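Scroll down for the structure; my scribbles are underneath it.
None of the figures in this text is laboratory data; all of them are computed from the coordinates on show. Remember, it's a predicted structure, so these values are computed and weren't measured experimentally. Please note: Cβ atoms are built from the backbone with ideal geometry, for glycine as well, and neighbour counts cover all protein chains shown.
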Amino acid sequence: MTGERQTTIARKVSCAGVGVHSGARACLTLLPAPAHSGIRFVRTDAPAGTGEIPAHAESVSDTQLGTTLTNEHGVSVAVVEHLLAAVAGLGIDNLRIEIDGPEVPIMDGSSSVFYELMMMAGLKTLGAARRRIRILETVEVRDGPKRATLSPSDNDVLTLRARIEYDDQTIGVQQMALRLAPGMFARDLAFARTYGFARDVDMLRAMGLARGGSLENAVVIDENGVMNPEGLRIEDEFVRHKMLDAVGDLMLVGAPIAGDYDAVQPGHSLNNKLVRALLASPTAWCWEEAGAPALMEETRAAV
């Protein structure tokens, strides 16, 4: 993430699976993209010329149990955050994401499959300087007891702190802090799965949600604790997943962030409000170039 030049992936890779909410099966294909093109989704099943959706905060149309992006033609793609978190964790600046359905496959409920897929593809360094967003002034949003801030930092990467609190004793109070330096995402966050409560399943399905959810792609909690036979991957998997979500949601600012993220009871809605508040405060941030453009391109394995 701290390299001086922009990156993309070195070759095309694909995966397929069901959407956790729609239950619809979709094929996802990740393709290399040129410098300065950013991250873009393309619905290949949409009418010609209508399927491209920029991965940007202004495209966010829904944040109910996931982040949904919609373009000016009304074409959407849902639950983008786990994939975008893996993209951010690898420091990828430019990527074309083709999908033939309405929702990014949930896979195992974490970012691991997407991260490993892009590791297989390798990273390609492009001949253009990387840009990041440097936080200059603290920006804060609140929603009742929930709050989130972005503050200035001396680091060139994103530092995250999060705290969650549930009455349910299986989760209780969990908090964590980490710096999104190279290798940290894979080691500390990528494996953390999404989670939910068994008591909410019928209600969610009546709302048209969680139709593809199962113990194969989410941690489910009932009155006796974790229902998944294998248990948790780590004791504080819940707060780690909230931080994973934040990494993906914050990427919708349009570039890597150099600053501190601090949140209490974070969620997709709060994260999107924070990003929009930042973009609406021109004195709170500036563009910062990581290095001068190079004359050549090179291909390397993802590390």
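Using just the helices of the chain, give the 222 nm mean residue ellipticity in deg cm²/dmol: DSSP H runs with n ≥ 4 each add -39,500 (n - 2.57), and the total is spread over all residues, rounded to 500.
Working: 6 runs with 56 residues, N = 303.
Value at 222 nm, helices only, nearest 500: -5500 deg cm²/dmol.
Taking the Cα centre of each part, how many Å lie between the range 248-285 and the range 41-97? Their Cα centres are 17 Å away from one another.
Rg of the Cα atoms in the chain, relative to 2.2 N^0.38 Å, amounts to 0.95. Less than 5 angstrom separates the built amide H of Val219 from those of Thr194, Tyr195, Gly196, all sequence-distant by 5 or more or on a different chain. With θ taken as phi - 60° and the Karplus curve 6.51 cos²θ - 1.76 cosθ + 1.60 applied, the whole-hertz 3J(HN,Hα) list for the range 185-195 is 4, 4, 6, 10, 10, 3, 7, 6, 8, 5, 8 Hz, x standing for glycine and proline.
Rounded to 0.05, the FRET efficiency of the Ala198 and Ala16 pair, given R0 = 41 Å and the Cβ-Cβ distance, is 0.90. Separation of the range 176-218 from the range 144-165 is 20 Å, based on Cα centroids. Positive end of the charge dipole of the chain (Lys, Arg +1 and Asp, Glu -1 on Cβ, about the Cα centre): tell me which of Ser110, Ile92, His36 has its Cα farthest that way. Selected residue: His36.
Coupling constants for the range 164-174 follow from the phi torsions by the Karplus curve (6.51 cos²θ - 1.76 cosθ + 1.60, θ = phi - 60°), and in residue order they are 10, 8, 10, 5, 5, 5, 5, 9, x, 9, 9 Hz; glycine and proline get x. Kirkwood-type hydrodynamic radius, the range 72-224: 18.4 Å, calculated from all non-identical alpha-carbon pairs. The Rg/Rh ratio for the range 121-169, using Cα coordinates for both the radius of gyration and the Kirkwood hydrodynamic radius, is 1.15.
How much of the DSSP beta bridge set in the range 1-104 is antiparallel, as a percent to the nearest 5? Let's see the in-between values first.
Details: 17 of 23 bridges.
Close to 75 percent.
Note on the chain: with a GNM built from Cα contacts shorter than 10 Å, the maximum mean-square fluctuation among Ala246, Ala55, Ala24 falls on Ala24.
With a ≥ b ≥ c the root eigenvalues of the C-alpha gyration tensor of the range 7-137, is it rounded (a/c under 1.5), prolate (a/b larger than b/c) or oblate? Show your work: numbers first, answer last.
On the way: a/c = 1.43, a/b = 1.25, b/c = 1.14.
Cα axes put the range 7-137 in the rounded bin.
Taking the Cα centre of the range 1-101 as reference, the dipole from Cβ charges on Lys and Arg (+1) and Asp and Glu (-1) amounts to some 360 debye. Amide H to amide H distances under 5 Å link Arg131 with Ala290, where only residues 5 or more positions off or on other chains count and H is placed in the peptide plane. Among the lysines, select those whose C-alpha is under 28 Å from the C-alpha of Lys124, and discard any that sit fewer than 8 residues away in the same chain. Hits, sequence-local ones excluded: Lys12. Averaging the sequence gap over all C-alpha pairs within less than 8 Å and six or more residues apart, then dividing by the number of residues, gives the chain a relative contact order of 29 percent.
If you take the square roots of the eigenvalues of the alpha-carbon gyration tensor of the range 144-303 and sort them as a ≥ b ≥ c, do you get rounded (a/c under 1.5), prolate (a/b over b/c) or oblate?
Since a/c reaches 1.5 and a/b is larger than b/c, the shape of the range 144-303 is classed as prolate.
Dipole magnitude for the chain: computed about the Cα centre from +1 point charges on Lys and Arg Cβ and -1 point charges on Asp and Glu Cβ, it is near 600 debye. Amide hydrogen proximity for Val13: with H placed 1.01 Å from N in the peptide plane, the residues at 5 or more positions away or on another chain lying under 5 Å are Leu30. With each label modelled as a point 7 angstrom along the Cα→C-beta vector, the Asp108-Glu72 pair spans 4.1 nm. Applying 0.36 nm per residue to the separation of Gln175 and Glu235 and subtracting their alpha-carbon distance, the gain on full extension is 20.5 nm. What shape does the range 189-272 have by the C-alpha gyration tensor, where a ≥ b ≥ c are the square roots of the eigenvalues, rounded means a/c under 1.5, and otherwise prolate means a/b greater than b/c and oblate the rest? Here the range 189-272 falls in the prolate category.
Sequentially through the range 197-210, phi angles give Karplus couplings (6.51, -1.76, 1.60; θ = phi - 60°) of 10, 4, 5, 9, 4, 4, 5, 5, 5, 5, 8, x, 10, 6 Hz, Gly and Pro residues having no value and appearing as x. Among DSSP beta bridges lying fully in the chain, give the percent that are antiparallel, nearest 5. Here the antiparallel bridges make up roughly 75 percent for the chain.
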